[in-house]
1. Compute the angle between helix 344-360 and the longest alpha-carbon principal axis of the chain, please, reported from 0 to 90 degrees and rounded to the nearest 10.
2. Relative contact order (percent) for segment 48-206, with alpha-carbon contacts under 8 angstrom and 6 or more residues of separation?
3. Counting every Cα pair in segment 48-206, what percent are over 23 Å apart?
4. Only counting other Cβ atoms within 10 Å, I'd like 51, 24, 204 sorted with the fewest neighbours first.
5. Round to a whole angstrom and tell me the spacing of the C-alpha centers of segment 279-325 and segment 115-159.
6. What whole-number distance in Å separates the alpha-carbon centres of segment 40-60 and segment 195-224?
7. How far is helix 209-237 tilted, in degrees, relative to the longest principal axis of the Cα atoms in the chain, given as a value from 0 to 90 rounded to the nearest 10?
8. So what is the relative contact order for the chain, in percent, with contacts set as C-alpha pairs under 8 Å and at least six apart?
C-alpha cells in the first residue's frame with residue numbers, strides 16, 4: 001500500500017524553512033526552561049507528597065487552592081484525576097525537607113486543611129484506619145463481647161473499612177450506608193466518636209528529595225547512554241557522519257519535547273522519561289530507514305550530486321514514513337484522549353515526539369549529511385566515503 005507514488009518534492013530546497021521552524025521551537029523551549037517555567041519535574045524527580053483524594057461531590061478547584069494557600073501550602077498543585085464523574089483530585093505538595101517525619105507532616109497538613117468544621121472530640125471516619133476504628137470499638141464495647149472483643153472488633157473494623165473503600169468508593173456520606181455490612185450495635189456506636197467529612201484520601205505517595213535527585217541522575221544517564229550507543233552503532237554500521245547526524249537529530253527531538261512540556265508547564269515524571277526513551281528509538285529507526293536508502297542509491301547513482309540522491313531517497317521512503325508514523329500517531333493520540341490522567345504525560349510525550357521525530361528524519365538528519373559533504377568539498381578535503389561499509 002502506498003499513499004504517494006513517484007513524488008519529487010525538493011526537501012533540501014526547503015532546508016532553511018525547516019531550520020527556522022526548528023530554531024523557533026528549540027529556542028522557545030530553552031527560554032522556557034531557563035527563564036519561565038524551568039524544567040517542570042514531577043514528584044518522582046523533585047521529591048514531595050502526592051495525595052489522591054476522592055470527594056462525595058464535584059470539588060471546587062479554586063476553593064481547594066484557596067484552602068491550600070491559607071494553610072501555607074502555596075506550591076501545592078491541584079489537578080483532576082481519573083474521569084470527572086469520580087470526583088477525584090490529585091494534590092501535589094512540593095516538599096524540600098529530607099526527613100520522613102517532615103514528609104508525613106506535609107501529608108497530614110493537607111488532610112487537616114481539607115477537614116473543616118470538625119466536631120470536638122470526634123475523628124473522621126472517612127480517613128480513619130481500621131486500627132483506629134478497632135481501638136474505638138474496643139473502648140466502647142457496644143457488642144458486649146468481653147474476652148472475644150479483640151478478634152470480633154478487628155473483624156468489625158475491617159468490615160467498616162471495606163464498606164467504605166470497596167462499597168462506597170472511599171467516601172461515606174451517611175452512617176446508614178454501613179447497614180447490612182456491619183453489626184448494628186457497632187454501627188450505632190460510631191456517630192458518638194466519628195463524623196463524616198466530604199472526602200477520603202485514597203492513596204498517598206511520598207518521594208524524598210534525595211531519591212528524586214538520584215532518579216534525575218539515572219534518567220539523564222539513561223538518555224545519554226542511549227545516544228552514545230546509537231552513535232557507536234551507526235558509526236560502525238555506516239559512517240561516523242551518519243551516527244553524528246542521527247544523534248543530533250534525536251537530541252533535537254528530545255529538546256523540543258522537553259521544551260514543550262516546559263512551555264505547557266506539564267510535569268515530567270518517570271513515565272514521561274520512558275516515553276522519551278521510546279521516542280529516541282522510534283526517531284532513530286525512522287532516520288536509519290532514510291539513511292539506508294541513501295546508501296543504496298549512492299551505489300546506483302554514482303554520477304549524481306549527493307543532494308539529488310538524498311532528495312530521491314527521501315521521496316522513495318516518504319510513503320513508508322507517512323504510513324508508519326500516521327498509524328502510530330493515531331494510536332498514541334487515542335491514548336492521550338482516552339487513556340486517563342495517569343497516562344496523560346506519557347501519551348503527550350509520544351504525541352509530540354512522533355510528530356517531531358518524523359519531521360526531523362526528513363528535515364534535519366538528511367540535510368546534515370549534505371551540509372557535511374559540502375563543507376568538506378569547500379575546505380578542499382576529499383569527500384567522505386558516503387556508500388559506507390559493506391556487509
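1. Tilt of helix 344-360: around 0 degrees.
2. 33
3. 43
4. Fewest to most other Cβ atoms nearby, the residues stand as 24, 204, 51.
5. When both Cα centres are located, 70 Å separates them.
6. What the calculation gives is 10 Å, centre to centre.
7. 20
8. Result for the chain is 25 percent.
Computed from the coordinates by the stated procedures, all read-outs in this text should not be read as laboratory data. Please read these numbers as outputs of a predicted model, since none were measured by experiment. Every residue, glycine as well, gets a Cβ built from its backbone with ideal geometry; the counts of neighbours run over all protein chains shown.
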